Amino acid sequence: LHYHSRETNGFNPTLVKREMGLGRPMMMGATAYLINGDRAGHIWVIDGYHMAAKYHYYYRRTTKVVNKKTMYSYDVYRCRAEIDMYHMKWGWGLNGNGWYATFEPWNMTGHNYERQIYLFSEIYPNR
């Protein structure tokens, strides 16, 4: 079988969401720069998307002196953020497969795949 696909330079969340909505997995490729100056490349599959809620907690301490004793009270504030999560299959068995946010390094085998990013979309058989 021969397949049609389109290549895009860089990570495009809108494109990924569209392809996932159409039920089409995508391929993603990137390069990692190693400590010794070499480069390592890899291609993996993106096969899911969802919006996740993350909560951040902030604490504020208030100090009061009552009867010459220092009293502390703490107020807790919770902030909710919506985060795009993408399911990635790395092609090394189950090692590293899972949900990743775009701000997290795509780190497998100690390599951060964050350079020369390509997306391969609209993958379907030629008719």
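The values are calculated or read from the model by the stated rules, or taken from the named source; none is laboratory data. Everything quoted here is computed from the prediction, not taken from an experiment. All Cβ positions, even for glycine, are placed from backbone atoms using ideal geometry, and neighbour counts span all protein chains on display. Side chains are part of the model used for accessible areas, which takes the heavy atoms of the whole protein and leaves out ligands, DNA and RNA. Shrake-Rupley method; radii C 1.70, N 1.55, O 1.52, S 1.80 Å.
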- request: May I ask you to list the residues in region 31-51 that are hydrophobic (A, V, I, L, M, F, W, C) and over 18 Å from Asn12 (Cα atoms)?
  value: Ala32, Leu34, Ile35, Ala40
message: Out of Thr102, Thr62, Thr70, I need the residue that is more than 30 Å from Phe120 (Cα to Cα) and open to solvent by less than 70 Å² (accessible area, probe 1.4 Å). Which one?
response: Thr62
- prompt: Out of curiosity, is Met20 part of a strand (DSSP E or B) and aliphatic (A, V, I, L, M)?
  reply: no
message: Would you confirm whether or not region 45-52 contains a residue that is open to solvent by 90 Å² or more (accessible area, probe 1.4 Å), within 30 Å of Arg127 (Cα to Cα), of a type in the set (A, V, I, L, M) and modelled with pLDDT of 90 or more?
response: no
message: Can you pull out every residue in region 23-64 that is in a strand (DSSP E or B), more than 26 Å from His87 (Cβ to Cβ) and either among the polar types (S, T, N, Q) or touching a Gly at 6+ places or on another chain (Cβ under 9 Å) (or both)?
response: Thr62, Thr63
- request: Name every residue in region 16-39 that is open to solvent by 20 Å² or more (accessible area, probe 1.4 Å) and hydrophobic (A, V, I, L, M, F, W, C), in order of residue number.
  value: Met20, Leu22, Met27, Leu34, Ile35
task: Please verify whether region 14-30 includes one or more residues that are modelled with pLDDT of 85 or more, among the polar types (S, T, N, Q) and under 29 Å from Ile117 (Cβ atoms).
output: yes
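If we scan region 65-81, do we find a residue that is outside any strand (DSSP E or B) and acidic (Asp, Glu)? I'd like the intermediate steps shown before the answer.
Here is the first cut: in region 65-81, the residues outside any strand (DSSP E or B) are 67-68.
With acidic (Asp, Glu) added as a condition, the list becomes none.
No, every residue in region 65-81 fails to be outside any strand (DSSP E or B) and acidic (Asp, Glu).
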